[in-house]
Amino acid sequence: MPTNEKNPASEAPNHQHDQHDQSNTCGLCSIVGESHAPHPDEHSPKLERASHTFNLWLTYAQAAALCAIALAAVGGIGQAIYEMIAARDISLGDLLMLFLYVEILSMVKGASLGTREIPIHTPIALAIVAVSRYIVVDVEHITAVTTLCTAGAILLLVFALWLIQKTGRKIMAS
């Protein structure tokens, strides 16, 4: 008894059917008309919304942390100035501390208003000043071995800074 069902393999290609298959073509692997597992590069709308929400919360957390750092740096500047006025003395350690606070503020400014990234050379330069300040301020209380180790740390940081700047120029040139 004949059935009304048609055998898809025996059908002649239908132009309208071909257009439908092309609209179902996977853009990444050119599979036509078949459903298959999504590729790792494809994202579901739920995943994209969750990713956007997570990114938004991280942006808010970053902004809050940058505000806290800026307020702490401004407070540190005020405290350092107050202590210099109260002591009626300005030492090299005090000036280096003020310099550190100002550099921290400039990093916050660059991170919040600039590229939203902190260049790696900035914290390295701050670490050099901080370790130098440690040697200057605590020169009476540190041993020769500690002085040698902190000087080695400064040398290592300077080498890292030089290496970053040298490789950065090579990357820019290429």
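Where a number appears in this text, it was derived from the coordinates with a stated rule and is not lab data. Quantities reported herein were computed from a predicted structural model and do not represent experimental measurements. Every residue, glycine among them, receives a Cβ derived from its backbone with ideal geometry; neighbour counts consider all protein chains shown.
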Mean separation of Cα contacts under 8 Å, 6 or more apart, over the residue count of the stretch 48-173: relative contact order %:
22 percent
Among Ile135, Ile90, what is the fewest-to-most ranking by other Cβ atoms within 10 Å?
Ile90, Ile135
Contour minus Cα-Cα distance for Lys166 and Val74 (0.36 nm per residue)
29.8 nm
Here, Met84 and Gln62, labelled 7 Å along Cα→Cβ, have an inter-label distance in nm of 3.3 nm
Semi-axes of the equivalent ellipsoid for the stretch 55-117, Cα gyration tensor, largest first, Å
30, 12, 6
Using the number of other C-beta atoms within 10 angstrom as an exposure proxy, rank Arg49, Arg88, Arg133 with the fewest first.
Arg88, Arg49, Arg133
Phi angles of the stretch 103-110, converted by Karplus (6.51 cos²θ - 1.76 cosθ + 1.60, θ = phi - 60°) into ³J(HN,Hα) in whole Hz with x for Gly and Pro, give 5, 5, 4, 5, 5, 5, 4, x
Once you put a point 7 Å from the Cα of Phe99 and another 7 Å from the Cα of Ala125, both along the Cβ direction, what distance in nm separates them?
1.1 nm
Over the stretch 110-168, what is the relative contact order in percent, taking alpha-carbon pairs closer than 8 angstrom and at least six residues apart?
42 percent
Give the span of the stretch 48-173's Cα atoms along each principal axis, as three whole-Å numbers ordered largest to smallest.
58, 41, 25
